[in-house]
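Heads up, the thing below is written out as structure tokens.
The values are calculated or read from the model by the stated rules, or taken from the named source; none is laboratory data. If you're wondering where the values come from, they're calculated on a predicted model, not measured in any experiment. Neighbour counts are summed over all protein chains in view; Cβ atoms, including those assigned to glycine, are modelled from backbone coordinates with ideal geometry.
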């Protein structure tokens, strides 16, 4: 179904590979849709080094407070572009008392003061609102959620950490090297019962683990696009994040025009198509006609295979999943069990959900209703819940009777929220399996807590196969195994819903009243700048991949994201519960040194400071650390006060998953100053590290560096200031001598990124 071509290709006007009469690569690259959009938004004048400004911004309520606090600390007066504040993630308002609703009050106050667009809770998940109201041909949208994808409507969407949105709010640019562009050529037409999630999971399975799409733009072309409805395209598009892609863009057609016209925005339509001779750095070919119903096993969307194949190898595959789950859970309680769901050669999940920006689309829900027609879901079996992607979708399902049909079947209809994808609603019981049409099935995305002896898991499937499984008595069933009569109902969008309920204050801000800050909303703590030298102590060392869900979990912990100190206490809680304690120990020692240094300097200014001997002391309170710092100072011709002491995380790969900036900011709050990895999973995670003053060190060497090891980086301030990429680290023995030198690189840093790292974080940089 999916064929990968790993070298550059030129495509003609019919999207066939050109064998002769090809233009030059530079000329061909300029013929892509992506090039035209990037050029129109580039402020640098240099297409190799882009400085982008976006047409609109969007953030959910689990991170917009931090972004707004950063912008406020940096002196913002008014939002320069439309900024949508969506309230779709914080849905358990009882968690922590008032704090989630306090965030909503703060968001509304900020929209009033600075001119934002406020989408109240339960009206829409953020990506559906952007599709319905903001996306259009040739545009670019930056979101602080990794699934910011609007390519099917002709908009390049990028999901990033909050620091990058703060930069846009302050009139700065999004700086990036020109990304590789991959052609995704679609041919054929999917069979009835095969849905967009099936195609998306096949794409993720073929491209994620080999990094084929990593940090690249996917450009969808080919005659197969015309066979897909707009919602089908959107369902594939939003999942391109799970293949590692940076962004996406699709050819547009009359179906695109009709969709925008239906939503009252026909003027946003732009006919988009690459020119003949367009050059792509690689190509993916997807034959939609051969697509099968898929299942993505825990614990990643790329762990996908056809349901048919899964059934053929079920005992072997489930044993592997069970072993991985047991490894994650460790010795907390009884081992994780999934093989118990296999009975008489069939697989029986416990819970089913169709939800959010990928699953909760009108056509998916109608197809589920068609499959379930005439069936009653028993109360002692597999349950099914549905979260439509927006209130307009819900209203139309009600108007056309689909919601009533589902209710009679026993399906529960829920509000437009991101809860099931985010791990804050519908948590299964211990050792249960949920099948879901959502974007992710990472560990704990279903809300369980392995560190407390409880663990469940999620398999991703398309809404059609989920409904077929429910219909077939809870036995895993591909939708293509059942005969169903699928309707072609047209979705009718009611614009009055948003006109009556969304607060659009863009270009109308400027009020004198300050946003109300609830008791959980706190300012960022003081962040120390980087000094001349850097001494790092390994506070966490891991093999394999460390995901953003492990760095900072989703679920109820997200309620504390407006409080940097509280949220940092959840860092690595599911994988390494001792991490926070080790990191805080490093932080406290450095805070004592800083306080002692400031006291001495203040005394000197007043003319009654301590003696020379006292001035040489570090004041950390740890004799071994003080002695090590003195040795390093003497060896490098500086004082101990010229050395920053901070924490370091080490792993083979770090940062796969969400765009959440707390995965980096929490490490900085806990005294971290660097990460060391063979690979950073995404561009957005590396950007988060830099914006929070954490050095993104990388090495090609095998990483066998245990917790407690010290690494020293000499003249790190000069290395960064001069734009040098080589930043070798000295791995120290217990007596402070150098055990060996570890070759490290910072890779390319822009001028602003260098300044941010030296300042200690983005906020410090703007204050300067």
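A few points about this structure:
- Test result for residue 165, assigned to a helix (DSSP H, G or I), touching a strand residue (DSSP E or B) at 6+ places or on another chain (Cβ under 8 Å), in the same structural domain as residue 144 (by TED's automatic domain parsing) and more than 20 Å from residue 35 (Cα to Cα): yes
- For region 480-492, the criterion of being farther than 30 Å from residue 75 by Cα, outside any strand (DSSP E or B), assigned by TED's automatic domain parsing to the domain that holds residue 364 and in contact with a strand residue (DSSP E or B) (Cβ under 6 Å, 6 or more places away or on another chain) is satisfied by no residue at all.
- Output for region 65-81, where each listed residue is surrounded by fewer than 23 Cβ atoms within 10 Å (Cβ to Cβ) and out of contact with any strand residue (DSSP E or B) (no Cβ under 9 Å at 6 or more places or on another chain): 72, 73, 74, 75, 76, 77, 78, 80
- Test result for residue 376, in contact (Cβ under 8 Å) with a residue 24 or more places away in the chain and either more than 27 Å from residue 243 (Cβ to Cβ) or assigned by TED's automatic domain parsing to the domain that holds residue 207 (or both): yes
- Within region 258-277, the set of residues being farther than 23 Å from residue 183 by Cβ and either in contact with a helix residue (DSSP H, G or I) (Cβ under 7 Å, 6 or more places away or on another chain) or assigned to a loop (DSSP other than H, G, I, E, B) (or both) comprises 259, 260, 263, 264, 265, 266, 268.
- Residue in region 452-472 that is more than 26 Å from the chain's Cα centre (by Cα), surrounded by fewer than 23 Cβ atoms within 10 Å (Cβ to Cβ) and not in a helix (DSSP H, G or I) present: yes
- For region 374-390, filtered to residues that are closer than 23 Å to residue 86 by Cβ and surrounded by 21 or more Cβ atoms within 10 Å (Cβ to Cβ), the residue that is farthest from the chain's Cα centre (by Cα) is 386.
- Selection status of residue 239, buried (at least 24 other Cβ atoms within 10 Å of the Cβ), within 15 Å of the chain's Cα centre (by Cα) and within 20 Å of residue 466 (Cα to Cα): yes
- Some residue of region 245-253 being in contact with a strand residue (DSSP E or B) (Cβ under 9 Å, 6 or more places away or on another chain) and assigned to a helix (DSSP H, G or I): no
- Some residue of region 87-94 being more than 30 Å from residue 510 (Cα to Cα) and in a loop (DSSP other than H, G, I, E, B): yes
- Some residue of region 605-624 being surrounded by fewer than 16 Cβ atoms within 10 Å (Cβ to Cβ), part of a helix (DSSP H, G or I), at pLDDT 90 or above and outside the structural domain of residue 451 (by TED's automatic domain parsing): yes
- Matching option when the condition is closer than 24 Å to residue 7 by Cβ and not in a loop (DSSP other than H, G, I, E, B), among 286, 295: 286
- Annotation: of all residues in region 391-424 being surrounded by fewer than 17 Cβ atoms within 10 Å (Cβ to Cβ) and outside any loop (DSSP other than H, G, I, E, B), the one that is nearest to the chain's Cα centre (by Cα) is 412.
- Test result for residue 484, under 20 Å from residue 400 (Cα atoms) and at pLDDT below 95: yes
- Test: residue in region 215-232 that is on the phi > 0 side of the Ramachandran plot, out of contact with any strand residue (DSSP E or B) (no Cβ under 8 Å at 6 or more places or on another chain) and either touching a residue at least 60 places away in the same chain (Cβ under 8 Å) or not assigned by TED's automatic domain parsing to the domain that holds residue 158 (or both): yes
- Residue within region 436-451 that is touching a residue at least 60 places away in the same chain (Cβ under 8 Å), closer than 11 Å to residue 329 by Cβ, out of contact with any helix residue (DSSP H, G or I) (no Cβ under 6 Å at 6 or more places or on another chain) and surrounded by fewer than 24 Cβ atoms within 10 Å (Cβ to Cβ) present: yes
- Any hit, region 521-533, residues being buried (at least 20 other Cβ atoms within 10 Å of the Cβ), outside any loop (DSSP other than H, G, I, E, B) and modelled with pLDDT of 90 or more: yes
- Applying the criterion of being at pLDDT below 95 and in contact with a strand residue (DSSP E or B) (Cβ under 8 Å, 6 or more places away or on another chain) to the residues of region 378-408, the residue that is nearest to residue 350 (Cα to Cα) is 382.
- Qualifying strands (runs of 3 or more DSSP E) (wholly inside region 655-752; at least 2 residues being surrounded by 15 or more Cβ atoms within 10 Å (Cβ to Cβ) and touching a strand residue (DSSP E or B) at 6+ places or on another chain (Cβ under 7 Å)): 672-680, 695-698, 710-713, 729-732
- Taken over region 42-62, the criterion of being at pLDDT 90 or above and closer than 27 Å to residue 418 by Cβ is satisfied by 52, 54, 55, 56, 57, 58, 59, 60, 61.
- Checklist (1) closer than 21 Å to residue 655 by Cβ; (2) in a helix (DSSP H, G or I) applied to residue 176, failing item: (2)
Here's the yes/no breakdown for (1) under 30 Å from residue 554 (Cα atoms); (2) touching a residue at least 60 places away in the same chain (Cβ under 8 Å); (3) part of a loop (DSSP other than H, G, I, E, B):
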{"residue": "20", "(1), (2), (3)": "no, no, yes"}
{"residue": "36", "(1), (2), (3)": "no, yes, no"}
{"residue": "44", "(1), (2), (3)": "no, yes, yes"}
{"residue": "58", "(1), (2), (3)": "yes, yes, no"}
{"residue": "80", "(1), (2), (3)": "no, yes, yes"}
{"residue": "104", "(1), (2), (3)": "yes, no, no"}
{"residue": "108", "(1), (2), (3)": "yes, yes, no"}
{"residue": "112", "(1), (2), (3)": "yes, yes, no"}
